[in-house]
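Q: There's a structure below that I have some questions on.
The values are calculated or read from the model by the stated rules, or taken from the named source; none is laboratory data. Predicted model, so just to flag it, every value in this text is computed and none were measured. For neighbour counting, all protein chains shown are included, and Cβ atoms are generated from backbone atoms with ideal geometry for every residue, glycine included.
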Amino acid sequence: MDLETLLFSQGFGSRRQCRGLVAEGRVRIGGEPCTDPRADIPLLTPPPAFEVDGHAWTYREKAYVALNKPAGYECSRDPQHHLSVFHLLPPQLGERGVQSVGRLDQDTTGLLLLSDDGAFVHAFTSPKRKVPKVYLATVRHPLDDDQLARLREGVLLHGETKPSAALAAHRRDERLLELTVLEGKYHQVKRMVAAAGNRVEKLHRERIGGYALPASLAEGEWRWLDENDLAALRMKDGRAE
Ligand code: URA
């Protein structure tokens, strides 16, 4: 792949802008400036590393990213009342068409996946796929066994015809609920907890499939997902599909 196309594919702007970056000597390959936009960069394994304005990048055919979403950010690119989660990511990711895999409410924290791989986004948002998602909900009233049983057996949400049941519902603490759900309906956890007679005060997503939010990823930070992470995501409860 030529250098201009490589930069373009990685979200460094229009073809013209990418040519400009190269011509201005702002791109280095193997530590050396490269000023020829037509220079051939072989896409080998491991993929080529390059620098733009001194920042190291690695070529990735598709981008898969995990973000530890803070409260006060909307998942939309075009947010209504808060900043967008895209403010937390390098502009190259937005430029190459990365989108969030499902949505978290603005006040929900924790694991959010983003990708520009349409098939991946579709697979992880499709209700048919039934990917377990583990949430931690801090609730207003002490949890009782009846509420947990109702969540497991299924509660009818306003406007729905079939009950929604949690795959698992555990009390981690008097007011801390661990809830595993398969679908991703609008405000699903908050509505389920309300229907079971309690109220969510804080919500955090801890896990999707077999991939847990890394403890080392601080709020507002993101990281690339590697092949092992993607394999973990496809696992259900630690088992391969
Ligand atoms: N369920 C909710 O109610 N909100 C979220 O952000 C995610 C799941």
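Q: Quick check on A215: is it free of Cβ contacts under 8 Å to residues at least 40 places away in the same chain and in contact with a strand residue (DSSP E or B) (Cβ under 8 Å, 6 or more places away or on another chain)?
A: Judged against the criteria, A215 is not a match.
Q: What's the number of the only condition in (1) of a type in the set (G, A, S); (2) farther than 30 Å from N198 by Cα; (3) in contact with a strand residue (DSSP E or B) (Cβ under 8 Å, 6 or more places away or on another chain); (4) modelled with pLDDT under 95 that S115 fails to meet?
A: Result: S115 fails condition (4) only.
Q: While we're here: Give the residues of the range 191-212 that are touching a residue at least 40 places away in the same chain (Cβ under 8 Å), within 16 Å of the ligand (Cβ to nearest atom) and crowded, with 18+ Cβ neighbours inside 10 Å, sorted by residue number.
A: M192, V193, A195, A196, N198, V200, L203, H204, R205, R207, I208, G209
Q: Another question about this same structure. Which one is farthest from the chain's Cα centre (by Cα) among residues in the range 168-190 that are within 10 Å of the ligand (Cβ to nearest atom) and not in a strand (DSSP E or B)?
A: Residue satisfying both the conditions and the ranking: K190.
Q: Tell me, please, whether a residue that is crowded, with 21+ Cβ neighbours inside 10 Å, among the hydrophobic types (A, V, I, L, M, F, W, C) and not assigned by TED's automatic domain parsing to the domain that holds D229 can be found in the range 153-163.
A: no
Q: Could you run through the range 130-148 and say how many residues are part of a loop (DSSP other than H, G, I, E, B) and surrounded by 15 or more Cβ atoms within 10 Å (Cβ to Cβ)?
A: Here the count works out to 3.
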